[in-house]
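Read-outs throughout are calculated quantities, based only on the coordinates presented, and are distinct from any laboratory measurement. Small disclaimer: the values here were computed from a predicted structure and weren't measured. In this analysis, Cβ positions are derived from the backbone assuming ideal geometry, glycine residues included, and neighbour counts consider all displayed protein chains.
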Amino acid sequence: MRHLPICTPRRRVLAAVAAALVWAGGAAPAGFAAAAAPATAPSARPATSVPTTSAAASPVDDGLALTPPMGFNNWNSTHCRAEFNEAMVKGVADIFVEKGLKDAGYQYVNLDDCWALPERDADGKLVPDPVRFPNGIKAVADYVHSKGLKFGIYTSAGTKTCNPAGFPGGLGHEYSDAQQFADWGVDYLKYDNCNNQGVDAKLRYNTMRDALKATGRPIVYSLCEWGENKPWEWAADTGHLWRTTGDISDSWGSMLSIMKQNLPLAPYAGPGNWNDPDMLEVGNGGMTDTEYRTHFSMWSVMAAPLLIGSDLRTATPETFEILGNREVIAVDQDPLGKQGAVVSSQDGRWVVAKEMADGSRAVALFNESARPQRIATTAREAGLPDAAGYRVRDLWQHTDRNTAGVIAATVPAHGTVLVRVSAGPGWAQLPPAVELAAGEGLMTEAGEPAELTTAVTDLGRTPARDVSVSLTGPGGWRIEATSRTSTPLLRTGGKLTTGWRVTAPADAADGSYGLTLTATYRAPDGKRITETVPAAAQVVTAPPAGISYLSDLGPLSATNGWGPVEKDHSNGESGAGDGGPITIGGQVFAKGLGVHAGSTVEYYTGGRCTSVTAQVGLDDESGTRGTVAFEIWADGTKAAATDVLTNESAAQPLSADVTGAEVVRLVVTDGGDGIDYDHADWAEPKLTC
């Protein structure tokens, strides 16, 4: 099962449970410090002297983290591998300066687990690994500081850190460790939650808070408590940021699940106190650049800490372009400190709006689904006052337009359009916003003509003149307009609708192909404007007649909460093919799909099929944890569903009438309690056509 990562959320593994150690009263029991260090080597400041209450000021009062911290942490890209060392850390600091990331606002260069030796020294002090850090931690911190940057470090609020190798944790050594960090020049502490011996979370985290305060050094304090005890409800007087979820992984499903858990917590965020949905995965390779732009956009709208988790030494230009987008960073770093709030969410169409210090609103139009979708809101719904017109700034395209009030776009699958909208003067001098729409994309069988309708709509207060539209595709594709492609004038709300006949080559292989919809128009000042949007095209093959196992058919799309969707295996680890036999309640199934909530797998059925049947349930590898629910969708209609299932449930039969559906979707949700342990199986899933 999954390795134990730093800040392990117990998402999918059954971690060994340490014997509970309950502190009776406030002080640690006699001999407790000896559990964290040899009895002959007591901590320089023993745990028994640690106060249990403190009059320490709230961290929000200390002037730190008034905007969400920005920087780097090595864990997502290196874990404990050998490349995590002094040279890497110094190299990242150099890149911050050379690539303009420092100027864009990134400050902290942070170490994660595995920087220390497994044992403390004879004085109870932490010892840096001499192979990884031959010159010690202070020398690395000094180098980072010499670049005008800040330095961070990691430990755990338990007897050991999260790595199975068992590096020393801070429980019982808080004051000694805090002073050691201060002496090294640490500016940021990430304090994890592993091996916590059952000690109350507030007590553990408040003790380290007081220890950090006692050093006199300003240190940003990050509580990596995984959201287990709802730190957003109590940690404002403890730390500057608190993890709200389990660990992120470099997958769409993981990022999406974490985003959904963090979004409702907007009321708890503000200057000096931030909800932390974990580090960035941008550039690590498990998602597309479209998905990484969504990741970066949504973290910024949520006023989340922006800690780069990719190895910048090998990062692509696209990764630097995403991480370095200063207009998006400005949304995250806005001094008002508001976390964006959900305006609407329906059928995978999300609108999230964030109030900005200058009175504008950052608005994210986020498409959760695997198909392009039109997502729309209004300036008023986003929180702006009524006005004759509004300025709309696209923060990825870096363009300015005016709108009469509608904010809309056809957003690609898993994509996000991020705009900044403001009322006030100046909008009339801008070109009108023109929305290009190509429906939810095109599905076509090779060699067979398919129909597609596009629309160009003037959303602006000013007219668009001499409007024309074109649709282009890959070489060999035949695309013919079946209705008009131009109009002399579009006023506010006016629309140019065009029909197209699209034919893929007869030898086109199944898969996704890119079409491009282009509109040109003249703004009131005479300037010619060109707008383009991608239009998805999918070449598909109809399923065979008779009964087929879905695991033998190629899906249209698949998203998963952890790792890939597995064929004829359980979900397993993060790689393809690493699951075990599909097993529900002790019954083993040879055929099926192993998934992890939240999961969606789509199949093209082309109106030729009548039913889907399966045996469903939690895989036995989930142990005694996990809750999931299964759904079968026929196009946009939920055709069948289970109640919430637990590990106590045997395999449940599930069947649905999908007669006439073009697309069938198999969906697994998390049962309403997060995705920990949610390994789910579609056993013997059969499609009848």
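Summary table below
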{"item": "Rg and Dmax of the range 359-403, Cα atoms only, in Å", "result": "12.0, 36"}
{"item": "Alpha carbon convex hull of the range 32-332, volume per residue in cubic angstrom", "result": "118"}
{"item": "Mean Cα-pair separation over length for the chain, i.e. relative contact order, pairs under 8 Å, 6 or more apart, %", "result": "9"}
{"item": "Area projected by the alpha carbon convex hull of the chain, averaged over all directions, nm²", "result": "31.3"}
{"item": "Over the range 240-351: Kirkwood hydrodynamic radius from C-alpha pairwise inverse distances, Å", "result": "14.3"}
{"item": "23 Å tail of the calculated P(r), the range 435-540, as % of Cα pairs", "result": "30"}
{"item": "For 596, 173, order by how many other beta-carbon atoms lie within 10 Å, fewest first", "result": "173, 596"}
{"item": "Long pairs among 102/213; 260/495; 147/213; 190/230; 99/125; 90/354, criterion Cα-Cα beyond 29 Å", "result": "260/495; 99/125; 90/354"}
{"item": "Nearest-20 debye value, the chain charge dipole, Cβ charges on Lys, Arg, Asp, Glu", "result": "1620"}
{"item": "Expected-Rg normalisation [2.2 N^0.38 Å, Cα atoms] applied to the range 176-224", "result": "1.12"}
{"item": "Separation in nanometres of the label points that stand 7 Å from Cα toward Cβ, at residue 347 and residue 234", "result": "4.4"}
{"item": "Residue-averaged 222 nm ellipticity for the chain, from DSSP H runs of 4+ at -39500 (n - 2.57), nearest 500", "result": "-4000 deg cm²/dmol"}
{"item": "Largest-first principal axis extents of the Cα set of the range 341-430 (Å)", "result": "39, 23, 21"}
{"item": "Candidates per trypsin sites (Lys or Arg not before Pro) in the range 64-123, loop by DSSP, up to 14 other Cβ within 10 Å", "result": "81"}
{"item": "Whole-Hz ³J(HN,Hα) from phi, Karplus 6.51 cos²θ - 1.76 cosθ + 1.60, for the range 662-679, glycine and proline x", "result": "7, 9, 10, 10, 9, 10, 10, 9, 8, x, x, 10, x, 9, 4, 6, 7, 7"}
{"item": "Set of aspartates and glutamates near residue 527 by C-alpha distance (under 13 Å), chain-local residues within fewer than 8 positions excluded", "result": "466"}
{"item": "Whether the range 212-254 is rounded, prolate or oblate, judged on the alpha carbon gyration tensor where a/c under 1.5 counts as rounded", "result": "oblate"}
{"item": "Cut-off under 5 Å, modelled amide H: who pairs with residue 596 long-range", "result": "561, 562, 680"}
{"item": "Kyte-Doolittle mean at least 1.6 and Cα axial length at least 24 Å: DSSP H helices in the chain", "result": "none"}
{"item": "Extension gain, residue 450 back to residue 650 (0.36 nm per residue minus Cα-Cα distance, nm)", "result": "67.6 nm"}
{"item": "Å³ per residue enclosed by the Cα convex hull of the range 125-228", "result": "101"}
{"item": "q = 0.11, 0.18, 0.22 Å⁻¹, the range 166-300: log10 I(q)/I(0) [Debye, one scatterer per Cα]", "result": "-0.44, -1.02, -1.27"}
{"item": "Residue 510-residue 98 FRET efficiency (beta carbon distance; Förster radius 51 Å; 0.05 resolution)", "result": "0.70"}
{"item": "Extent along principal axes [Cα atoms of the range 335-492; Å; largest to smallest]", "result": "55, 35, 23"}
{"item": "The range 518-615: Cα Rg divided by the 2.2 N^0.38 Å rule of thumb", "result": "1.66"}
{"item": "Size descriptor, Kirkwood hydrodynamic radius, that averages inverse alpha-carbon separations across the range 533-689, Å", "result": "15.4"}
{"item": "Packing-based ranking, highest mean first, of 230-238, 632-640, 303-311 given that Cβ atoms within 10 Å are counted", "result": "303-311, 230-238, 632-640"}
